[in-house]
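This report concerns only the one structure given below.
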Amino acid sequence: MTIDLELIRSRNPIEDIVGETFPLKKIGKRFIGVEHDSLVVIPQTGFYFWNSQGQKGDVFDFVARHVLRNQGSDHFLESVRWLAQRANLPFADYSDLCQSPAYAERQLIQRLHEVLFNTPAALRYVTEQRGWQHSTIQAARLGYMPRDKRKLLTGLSLSEKWSMVIQKFPPEMIVYVHLVKGRLMYLSGRSIEGKKHYNPPRELIGDRQPYSNYVVDENTDQVVLVEGQADAISFAEWDIPAIALGGMQLSEALLNRLRDYRRVFIALDNTEDAQDHSRQIAQMLGGKAYLPQFPDGVKDANEWLAHYQVTAEDAQRILNQAPSWLASAVERVSHMEGLAQEDAIRDLFQYAHDLDVLSLARFKATIASLGIQGRAFDKLLKAEQAQHHKNATEEDKSGVFDDNIPVLSPALGFSRDLALVTISLRERTSNNRLNVQPYLVTSTRELVRLKDQQILTIHGQEIALRVVPEGSEFLMRWRHGDIQRFLKGEEVNPGEVFNTIHNLFTIYIDFRSSVESRILTLWTIGTY
């Protein structure tokens, strides 16, 4: 039986565990000790910091130090056992624990982090040149890639993919850890000498991934979009959610993700080229885009933090005062004349159809300066809303399908590291009727409700379904409770599954050979 650390972690939120020993109060997205104000708990990352005690770590470290009071070499094992029992989860022994992929990833991240703190040049770089506090460095789980990588990999049951990523990663680079739901999804790097950036080969680990700072979580309703990972970490220093492009190119998957936020502050570098890109991205996001401006002479968020002693209040102020892209667009149109201005005004209304009441009122007040008032405004708005509705209901035949997007069977589909299967679940409707609804369950532990869309974004990549399945009793093959346990991180041992099914077959069916029974078992496992 393998031990799933992420399941144990998810059943024992760190703010609950710490709060049972030391009273906490919530401030923003963090918890602070009531009696010990240097005790900080960050639920988004699962880490705690106790600066006056010189302590840092995750829920396993806290339990070892403050619940079990065990500082020995086996403290991690004992913490896992204690937390598993607290959550009524099974626990075997240390050998099972070491086989867990989540354990291997955790140890790799921790080892990279320890190399950073044990390398004076790297530590000076992140604290002095970048201006980050130790607590921020720890919360971001920053690492450093050494020249000798043997100690990083010794004793870890890493997948071949991650082992290859580490082997190819250039030494003497800061390592940015990209996490999704607590699991390692990507690594990127930045040299401490010169200005060299690194992303692993696409064929090894997939497309370059954006970097979310540790303040971003599922409850975030507004976010700052920046260029580099260092800028995102600097915004984390101010307790502000930020996502880094890792350049200036915006993928379709990230664009769709940004459209789900209520507000997006686009804060690329303070250069002419970057500002042009900011306006282009803002135009794609329309009314929810805002364009904060760094002070004159400040290149980016990290330079602002490192050289100007900027506080969280300063950072919040430039966001609070940021003009909306739509207001900036109206200002540009005001300088046009004649037919060019008329066409530009009509174009502006395409961004007004989904504004909320307050934003629409402000747009109306702003565009009044162009002479569009009263009845004229209402007619232009209704015309745009009607056109938008028409476009939304008609089938779009103009786009040529990108053949780089994999087309998968919804019944059971595979693409690179992604697998998906369709199941049906019963839903209770608003009028108290039952609806059998199709869902996708993915290997990235997502549950995706299917409507009529055929092209979906799953775990940062676009996929297309050959057909859109309908809900049916036939597809109700998994119980909702089992699905929820899987989504929360529970894993199974493939060997145990094989043996259980194989034993059932050999009890009730006579086979001519053991080969046939094994083939049937594998076929059964491989088909749903």
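Would segment 299-413 count as rounded, prolate or oblate if I go by the C-alpha gyration tensor, calling it rounded below 1.5 in a/c and otherwise prolate when a/b exceeds b/c, oblate otherwise?
Details: a/c = 2.22, a/b = 1.08, b/c = 2.06.
In terms of gyration-tensor shape, oblate.
So what's the net charge close to residue 339: Lys and Arg +1, Asp and Glu -1, counting the other residues with Cβ under 15 Å from its Cβ?
Details: positive: 346; negative: 337, 342, 343, 347.
Charge balance in the 15 Å sphere: -3.
Counting other Cβ atoms within 10 Å, keep those with at most 11, restrict to DSSP loop, and tell me which trypsin sites (Lys or Arg not before Pro) in segment 3-88 are left. Numbers along the way, then the final one.
Working: sites: 9, 11, 25, 26, 29, 30, 56, 65, 69, 81, 86; in loops: 11, 29, 69.
Passing sites in segment 3-88 are 69.
Per residue, how much accessible area does the chain show when a 1.4 Å probe rolls over the protein heavy atoms, in square angstrom? Could the numbers behind the result be given before it?
Details: 28300 Å² over 528 residues.
Per-residue accessible area for the chain comes out at 54 Å².
Tell me, what % of the accessible area of segment 406-528 is carbon and sulfur with a 1.4 angstrom probe? Please list the in-between numbers first.
Details: 4290 of 7870 Å².
About 55 percent, which is the carbon plus sulfur part of the accessible surface.
So for the chain, what are the equivalent ellipsoid semi-axes in whole Å, largest first, each being the square root of 5 times an eigenvalue of the Cα gyration tensor?
42, 35, 22
Quick one: give the max-minus-min coordinate of the C-alpha atoms of segment 422-518 along each principal axis, largest first, in Å.
Extents along the principal axes: 51, 34, 28 Å.
Rounded to whole Å and sorted largest first, list the principal axis extents of the Cα atoms in segment 209-357.
47, 34, 29
What translational diffusion coefficient, to the nearest whole µm²/s, does segment 179-284 have by Stokes-Einstein, given a Kirkwood radius computed over alpha-carbon pairs, a temperature of 10 °C and 1.306 mPa s viscosity?
Working: Rh = 14.5 Å.
In µm²/s, the coefficient is 110.
Cβ under 15 Å from residue 165's Cβ, residue 165 left aside: what net charge do those residues give with Lys, Arg +1 and Asp, Glu -1? It would help to have the intermediate numbers written out before the result.
Details: positive: 111, 149, 161, 168, 183, 202, 208, 416; negative: 105, 160, 203, 207, 417.
Once positives and negatives cancel, what remains is +3.
The values are calculated or read from the model by the stated rules, or taken from the named source; none is laboratory data. Computed from a prediction, not measured in an experiment: that's the story for all the values here. Heads up, the Cβs are rebuilt from the backbone with ideal geometry, glycines too, and the neighbour counts pull from every protein chain shown. What goes into the accessible areas is simple: the full protein's heavy atoms, side chains included, and nothing from ligands, DNA or RNA. Shrake-Rupley method; radii C 1.70, N 1.55, O 1.52, S 1.80 Å.
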